[in-house]
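To keep things clear, I will list the structure first and then write my remarks on it.
The values are calculated or read from the model by the stated rules, or taken from the named source; none is laboratory data. This is a predicted model, so every value here is computed, not measured. Please note: Cβ atoms are built from the backbone with ideal geometry, for glycine as well, and neighbour counts cover all protein chains shown.
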Amino acid sequence: MSIEDGDDPTCYMVQETTFDYEYDATFDWENMTAKDCNCTHPLHKFLEVCISKCSVNDDTVFFKMTDEELFEIALPGFLYLTVFLVGTIGNSMVIFVVNRFKRMRNVTNVFLASLSTADLCLIWFCVPIMFMKYMSHTWSMGRFACYSVHYIQQFTCFCSVLTHDDDQF
């Protein structure tokens with residue numbers, strides 16, 4: 001789709017950052033050979049000529065990833081999974097208790113169950129999609145998912161604020 005079709009490109013775009021690498025304008029990049037590779041230079045690691053010379057040693061830990069790569073993936077993955085599981089179990093228990101036991105059905109607990117429902121919507125729909133966006137650094141889920149994730153985030157925030165506001169009065 002293009003902009004003429006009414007597609008909003010801001011959902012799919014990732015902000016580009018510039019690199020602060022020293023660039024030698026006099027260097028002949030076109031005629032570079034393997035002996036010219038400097039494996040400490042960040043740009044050389046990605047050149048086709050230098051890949052075999054600058055390949056990563058066998059210091060991989062898991063799934064052919066280095067410690068650094070594993071830390072970049074495992075820590076956010078663990079945090080997202082923890083939020084997903086604790087949020088799902090905790091909010092489900094609140095809804096279950098308020099619905100199951102008649103003496104728990106007072107105004108405050110009904111508001112808490114409403115807040116838990118809004119939190120479950122956020123956890124089930126937004127957390128997995130935002131994790132996928134975080135891991136891929138691009139948006140590949142289409143326009144509907146882009147707009148619906150933002151809508152659900154705003155809607156659940158609105159429900160949460162209204163629940164807190166009604167609970168105080």
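Is one or more of the residues making up segment 111-123 of a type in the set (F, W, Y), without any contact (Cβ under 8 Å) to a residue 12 or more places away in the chain and farther than 30 Å from I73 by Cβ?
no
Can you report the number of residues in segment 22-49 which are hydrophobic (A, V, I, L, M, F, W, C) and at pLDDT 70 or above?
So the count comes out to 6.
Out of V98, V86, V107, I need the residue that is touching a helix residue (DSSP H, G or I) at 6+ places or on another chain (Cβ under 6 Å) and at pLDDT 75 or above. Which one?
Criteria check complete, one pass: V98.
Mind checking which residues of segment 50-77 are in contact with a strand residue (DSSP E or B) (Cβ under 8 Å, 6 or more places away or on another chain) and at pLDDT 75 or above?
Matches in segment 50-77: I73 only.
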